[in-house]
1. Using 0.36 nm per residue, how much length does the chain from residue 28 to residue 174 gain when fully extended, once their Cα-Cα distance is taken away?
2. Once phi is turned into ³J(HN,Hα) by the Karplus curve 6.51 cos²θ - 1.76 cosθ + 1.60 with θ = phi - 60°, what whole-Hz value does each residue of segment 123-130 show in order, with x for glycine and proline?
3. Subtracting the Cα-Cα distance from 0.36 nm times the residue separation, let me have the gained length for residue 17 to residue 120 in nm, one decimal.
4. Could you grab the Rg to Rh ratio for segment 5-84? Cα atoms only, Kirkwood for Rh.
5. Could you state the per residue volume, in Å³, of the convex hull enclosing the Cα atoms of segment 109-183?
6. Local charge sum around residue 65 (other residues, Cβ-Cβ under 15 Å, Lys/Arg +1, Asp/Glu -1)?
7. Report the extension gain between residue 166 and residue 146 in nm, rounded to one decimal, defined as 0.36 nm multiplied by the number of residues separating them, less their alpha carbon distance.
Amino acid sequence: MDPDGALVDRARGGDLAAFEALVRRHRDVVYRVAARTVGAADAEDVSQDAFLRAFHRLPRFRGEGPFRAWLLRITQNAALTQQSRRRPEPVESVDPMVDASDGPAERTPAERLEGRERQERLETKLRLLAPAHRAVLVLRDIEGLSYDEIAEVTETPLGSVKGRLHRARDELIDILRRNTYDWELPE
């Protein structure tokens, strides 16, 4: 049972408040997926584009899978379209308003700075992955989607999702090992 089913039905019937509720419910995950694909600078534009596309395509949503997976497929496609239009750039922090490195209050300023720098280096290294590999890695390991949901979002066979995820993890580990000073990974 899709938890968004009632809102989707109401939105299809012209209830804008229902679609706004869907946007509020899914805007964070849409933004994160967009940001990790195109970077924080363009994530808001991609997110808005994805929601606009979803609104116009809502009558074509068949409900064969969860609305969230359908929306993330639209987001991924919008992000890849945006990414193909520009040259690669270094990654910025995913959400400038949230600093994930700011943990417990007892962390010193130096520890917070180091955490923030490590996050930035990781984001930069994620951008070195092939787009298809980065997409499955972000959807699985960061957003926590199931393999089936990733297959639906990326419109890729399940076996290909598993293979890409395996290659993405190996590729990321190799990238990180090349700079063991930053990550202290064993060979």
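Read the figures in this text as sums done on the coordinates, not as results from a lab. All values reported here derive from a predicted model rather than from experimental measurement. We place every Cβ from the backbone using ideal geometry, glycine too, and count neighbours over all the protein chains shown.
1. Contour length minus Cα-Cα distance gives 49.6 nm.
2. 4, 4, 5, 4, 5, 6, 6, 4
3. Net length gain for the segment: 33.4 nm.
4. 0.97
5. Roughly 80 Å³ of hull volume per residue.
6. In short, -2.
7. Length gained, residue 166 through residue 146: 5.8 nm.
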